[in-house]
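Step one of this worksheet: look at the structure below.
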Amino acid sequence: IYEGAQNIELIVDTESDLSSASVLEIHVLKPDGEEAIWPAAKHSDYGCISYLIQSDDLLIPGIYKFQAFVDGNLGETDCFQVYEKYS
């Protein structure tokens, strides 16, 4: 994934039954320490939520840490690398 990438679907497996869930988010810690909350939706795969990355979400290269947030509960931390454009 490169800085400025967009229209990439991030799918997070919560390993939970989401049938009655009402608050679905992905909490993100960006490489510069800024926190973001991305609104998520139920994915067609059981227990998964998803978010379509927007043009201004990945502007800084580095490690992005994220957690699923479902009805007030945070899941395990995972991460992905965003590379500098043309690197």
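Things to note:
- One residue stands out among those in the stretch 36-62 that are part of a loop (DSSP other than H, G, I, E, B) and closer than 23 Å to residue 20 by Cα: the one that is least open to solvent (accessible area, probe 1.4 Å), which is 47.
- Residue match in the stretch 63-77 (condition: open to solvent by less than 90 Å² (accessible area, probe 1.4 Å), touching a Pro at 6+ places or on another chain (Cβ under 9 Å) and charged (D, E, K, R)): no
- Test result for residue 25, out of contact with any Asp or Glu (no Cβ under 7 Å at 6 or more places or on another chain), open to solvent by 20 Å² or more (accessible area, probe 1.4 Å) and not polar (S, T, N, Q): yes
The values are calculated or read from the model by the stated rules, or taken from the named source; none is laboratory data. These numbers were taken from a predicted model, which means no experiment stands behind them. No Cβ is skipped: glycine too gets one built from the backbone with ideal geometry, and neighbour counts run over all protein chains shown. Surface areas here come from the heavy atoms of the whole protein model, side chains and all, with no ligands, DNA or RNA. Shrake-Rupley method; radii C 1.70, N 1.55, O 1.52, S 1.80 Å.
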